[in-house]
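Since the structure comes first, as structure tokens, the remarks are kept for the end.
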Number of protein chains: 2
Amino acid sequence: MSDHVEAPVTPVEAYEPPYYVAVFTTVRTEDQSDYSETNARMEELVKDIPGYLGMDHAQTPGGLGITVSYFRDADGLEEWRTHPEHRAAQQRGRAQWYERYTLHVAKVEHSSTFEKA
Amino acid sequence: MSDHVEAPVTPVEAYEPPYYVAVFTTVRTEDQSDYSETNARMEELVKDIPGYLGMDHAQTPGGLGITVSYFRDADGLEEWRTHPEHRAAQQRGRAQWYERYTLHVAKVEHSSTFEKA
């Protein structure tokens, strides 16, 4: 994912619960070679997972990164977690890109949205 | 919250489930006057809520902001949501700081963490 943002950003909408979120918080290492390419590939691949609803990403320069993935059910999330190419990317992430990360998988009970008139 | 990061960032840890996350995604307006002060005040206030576990924040410059708050149970989250001073800040957010936002409240079922050796 590029840090250079030009298009207006649209966060993933408030779907009707229940659905699932995977909150992935990361602290990066200095070696980010091939990260962008792999990330772009993952963003393509995940679209084929049944029940995939979308993804939000924010990255404070030099700080925390947060990626939130949204799925209709736990099965879709599990299919994505264990996808062979995604597995390989996760392994490389631990070896190279991430100083640390945390994953919180949760079932959404309430959601709401606001848009300026 | 300042955009100028100096201290090493430490994301909120993987607590033992169940616990709750509130995923708050935002697109800001151009008028961010008083935002930092209010945000700092909220970060102080929330620490007094029973069951508050922590908060992660990331902001892509000119792009999406994501704040994830963690609470031990739904009661703590509800107490925070309805706190009078927080309510006032929410109202001002809709009037001034946010072009749009979405909130997803979810119960964590699994969590994991990784730290480079």
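The values are calculated or read from the model by the stated rules, or taken from the named source; none is laboratory data. Nothing here was measured: the structure is a model prediction, and the numbers come from that model. We place every Cβ from the backbone using ideal geometry, glycine too, and count neighbours over all the protein chains shown.
Rundown of residues vs (1) under 21 Å from A:Val9 (Cβ atoms); (2) in a loop (DSSP other than H, G, I, E, B); (3) under 15 Å from the mean Cα position of the chain (by Cα), yes/no style:
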site: B:Ser33; (1), (2), (3): no, yes, no
site: B:Leu45; (1), (2), (3): no, no, yes
site: B:Gly54; (1), (2), (3): no, no, yes
site: B:Ala58; (1), (2), (3): yes, no, yes
site: B:Leu77; (1), (2), (3): no, no, yes
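For the structure I just gave you, tell me whether A:Gly65 is of a type in the set (Gly, Ala, Ser) and either within 21 Å of B:Phe71 (Cα to Cα) or touching a Cys at 6+ places or on another chain (Cβ under 6 Å) (or both). So A:Gly65 passes the test. Annotation: B:Thr67 fulfils all but one of (1) part of a strand (DSSP E or B); (2) at the interface with another protein chain (Cβ under 10 Å from one of its Cβ atoms); (3) more than 17 Å from B:Tyr35 (Cα to Cα); the unmet one is (3). Do the conditions hold for A:Phe24, that is, is it surrounded by 14 or more Cβ atoms within 10 Å (Cβ to Cβ), facing chain B (nearest Cβ under 10 Å) and touching a residue at least 24 places away in the same chain (Cβ under 8 Å)? Judged against the criteria, A:Phe24 is a match.
Total residues in segment A:90-104 satisfying the condition of being more than 13 Å from B:His104 (Cβ to Cβ), at the interface with another protein chain (Cβ under 7 Å from one of its Cβ atoms) and either assigned to a helix (DSSP H, G or I) or under 16 Å from the mean Cα position of the chain (by Cα) (or both): the figure is 6. Can A:Glu16 be described as more than 12 Å from the chain's Cα centre (by Cα) and either at pLDDT 95 or above or more than 14 Å from chain B (Cβ to nearest Cβ) (or both)? Here the answer is yes, as A:Glu16 does meet what is asked. The single condition among (1) on the phi < 0 side of the Ramachandran plot; (2) surrounded by fewer than 18 Cβ atoms within 10 Å (Cβ to Cβ); (3) of a type in the set (Gly, Ala, Ser) that A:Gly62 does not satisfy is (1).
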